[in-house]
Amino acid sequence: MSEIALRPLALDGDVALVHGWMQEPHVAAWWELAGGVERVAAYLRGQAALAHLRPWIASERGRPFAYVETYVVAGDPLAACYAAAPGDRGFHLLVGPPELLGSGAARRLLRHVLALLLAEPGATRVVCEPDVRNGRMLALCRALGGRRLATLDVDGRRVALIGWTEPHAAVAA
């Protein structure tokens with residue numbers, strides 16, 4: 001049983017937390033939201049307003065440690081970049097505290113997110129699109145059964161489209 005819990009992002013209460021994570025070098029390199037708190041607040045407000053996307057705070061044993069976005073690909077600009085199926089679901093995630101890097105927290109979180117999304121009614125595939133240079137995320141996806149479906153140019157970035165079509169043995173923990 002996973003000790004990971006997701007709760008909806010609380011715009012009023014979570015901006016400072018997510019802002020702090022966005023300043024960490026291991027996050028800033030990929031999310032490109034380092035800077036003032038208002039920049040992160042504006043980003044989070046924008047994400048929370050999207051009908052197809054849900055922003056979350058992930059905790060383990062009651063300690064918040066990650067920001068997660070889950071979404072229906074059909075409603076996202078990503079859908080125009082590949083042959084998206086109606087049942088495609090997507091995610092973005094970050095583990096904030098640097099001391100958790102290499103601890104297994106990201107693996108446990110990704111297992112949880114994959115299981116959650118693959119269990120959604122109508123879901124047929126889960127995708128993510130990390131930057132092709134993000135070796136840590138690519139290795140994590142590969143370790144949990146993700147397959148590279150394509151290399152795409154999305155919003156001026158070169159990304160690897162990674163997909164899961166069924167729970168992998170590593171996910172079902």
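The values are calculated or read from the model by the stated rules, or taken from the named source; none is laboratory data. Keep in mind it's a predicted model, so treat the numbers as computed, not measured. Positions of Cβ are backbone-derived with ideal geometry, glycine not excepted, and every protein chain shown enters the neighbour counts.
Of the residues making up segment 146-165, just one is modelled with pLDDT of 95 or more and assigned to a loop (DSSP other than H, G, I, E, B), namely G146. Against the conditions (1) farther than 24 Å from R158 by Cα; (2) among the hydrophobic types (A, V, I, L, M, F, W, C); (3) in contact with a Phe, Trp or Tyr (Cβ under 9 Å, 6 or more places away or on another chain), L53 satisfies every one except (1). Among the residues of segment 110-149, the ones that are over 11 Å from the mean Cα position of the chain (by Cα) and of a type in the set (D, E) come to 2 in all.
Please name all residue pairs, on different chains or six or more residues apart, with Cβ atoms under 8 Å, provided the first residue is in segment 68-81 and is under 22 Å from M22 (Cα atoms) and the second residue is at pLDDT 95 or above and of a type in the set (K, R). Cβ pairs passing all conditions: E69/R54; T70/R54; T70/R89; Y71/R54; Y71/R89.
If you check V68, V27 for being in contact with a Phe, Trp or Tyr (Cβ under 7 Å, 6 or more places away or on another chain) and either more than 17 Å from L11 (Cβ to Cβ) or part of a helix (DSSP H, G or I) (or both), only one passes: V27.
Counting only residues that are of a type outside the set (V, I, T) and buried (at least 18 other Cβ atoms within 10 Å of the Cβ), which one in segment 54-66 is farthest from the chain's Cα centre (by Cα)? Working first, answer last.
Taking segment 54-66 first, the residues of a type outside the set (V, I, T) are 54-56, 58-66.
Applying the additional criterion that residues be buried (at least 18 other Cβ atoms within 10 Å of the Cβ) yields 55-56, 58, 60, 65-66.
Values: P55: 9, W56: 10, A58: 11, E60: 16, F65: 13, A66: 9 Å.
Among those residues, the one meeting the criterion is E60.
So, in segment 73-115, of the ones that are more than 15 Å from G163 (Cα to Cα) and among the basic types (K, R), which residue ends up surrounded by the most Cβ atoms within 10 Å (Cβ to Cβ)? Ranking the candidates gives R108 first. A count restricted to segment 120-132 and to residues that are farther than 14 Å from L152 by Cβ and not in a strand (DSSP E or B) stands at 5.
Checked against (1) of a type in the set (D, E, K, R); (2) modelled with pLDDT under 95; (3) under 16 Å from the mean Cα position of the chain (by Cα), E69 passes all but condition (2). Say whether the condition of being part of a helix (DSSP H, G or I) and out of contact with any Leu (no Cβ under 9 Å at 6 or more places or on another chain) is met by at least one residue in segment 45-62. Checked segment 45-62: at least one residue is part of a helix (DSSP H, G or I) and out of contact with any Leu (no Cβ under 9 Å at 6 or more places or on another chain). Residue count for segment 3-31 satisfying the condition of being loosely packed, with under 13 Cβ neighbours inside 10 Å and either closer than 24 Å to N134 by Cβ or among the acidic types (D, E) (or both): 4.
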